[in-house]
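The values are calculated or read from the model by the stated rules, or taken from the named source; none is laboratory data. Quick caveat, the model's predicted, so the values are computed rather than measured. Don't worry about glycine lacking a Cβ; one is built from the backbone with ideal geometry, like all the others, and counts go over all protein chains shown. Side chains are part of the model used for accessible areas, which takes the heavy atoms of the whole protein and leaves out ligands, DNA and RNA. Shrake-Rupley method; radii C 1.70, N 1.55, O 1.52, S 1.80 Å.
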Amino acid sequence: MRRKKIPTYIFSNTNELAVGHIRRSYPFFSGFDGYILSYQHQAMKPQARLYEVVEEMTKRREAEIIYLDDRAENIAAGAERGWRVILQETPERSRAALKKVGLLD
């Protein structure tokens, strides 16, 4: 995604302690353009308010957003907003879905 200059965001139900651990342990975590973290917005997926925050932060709407998540109820909430959604079941399936929409070669 970086080569194509496509902005990427972390959109997560999490808490401050977990994010601190992830930031210290996994350097890749600092490579995103933004972070929408549930504890910072007092809402959790699949609550609509958190999806609204994604749209506000990214300045994108509907099919401009491609959303991967491993929980069907979270994907359903994104799909209701017109987002293109991918249910993360296996890395291979997610890669294939991203290739299909032209984001991976």
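Summary of computed values
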{"quantity": "In region 48-84, the residues that are within 16 Å of residue 12 (Cβ to Cβ) and touching a Gly at 6+ places or on another chain (Cβ under 8 Å)", "calculated": "51, 57, 58, 65, 67, 69"}
{"quantity": "Which numbered condition residue 101 misses (of (1) open to solvent by less than 50 Å² (accessible area, probe 1.4 Å); (2) among the β-branched types (Val, Ile, Thr); (3) in contact with a strand residue (DSSP E or B) (Cβ under 8 Å, 6 or more places away or on another chain))", "calculated": "(1)"}
{"quantity": "Counted residues, region 2-25 - those being touching a helix residue (DSSP H, G or I) at 6+ places or on another chain (Cβ under 9 Å), in a helix (DSSP H, G or I) and open to solvent by 100 Å² or more (accessible area, probe 1.4 Å)", "calculated": "2"}
{"quantity": "Region 58-74, subset surrounded by fewer than 18 Cβ atoms within 10 Å (Cβ to Cβ) and touching a residue at least 24 places away in the same chain (Cβ under 8 Å), residue farthest from residue 97 (Cα to Cα)", "calculated": "58"}
{"quantity": "Conditions (1) at pLDDT 95 or above; (2) outside any loop (DSSP other than H, G, I, E, B); number of the one not met by residue 28", "calculated": "(1)"}
{"quantity": "Any hit, region 28-47, residues being open to solvent by 50 Å² or more (accessible area, probe 1.4 Å) and among the basic types (Lys, Arg)", "calculated": "no"}
{"quantity": "Residue check, residue 93 at pLDDT 95 or above, among the charged types (D, E, K, R), open to solvent by 50 Å² or more (accessible area, probe 1.4 Å) and not in a helix (DSSP H, G or I)", "calculated": "no"}
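For (1) closer than 15 Å to residue 69 by Cβ; (2) of a type outside the set (D, E, K, R); (3) in contact (Cβ under 8 Å) with a residue 24 or more places away in the chain, each residue gets a yes or a no:
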position: 5; (1), (2), (3): no, no, no
position: 10; (1), (2), (3): yes, yes, yes
position: 24; (1), (2), (3): no, no, no
position: 29; (1), (2), (3): no, yes, no
position: 37; (1), (2), (3): yes, yes, yes
position: 44; (1), (2), (3): yes, yes, yes
position: 50; (1), (2), (3): yes, yes, yes
position: 56; (1), (2), (3): no, no, no
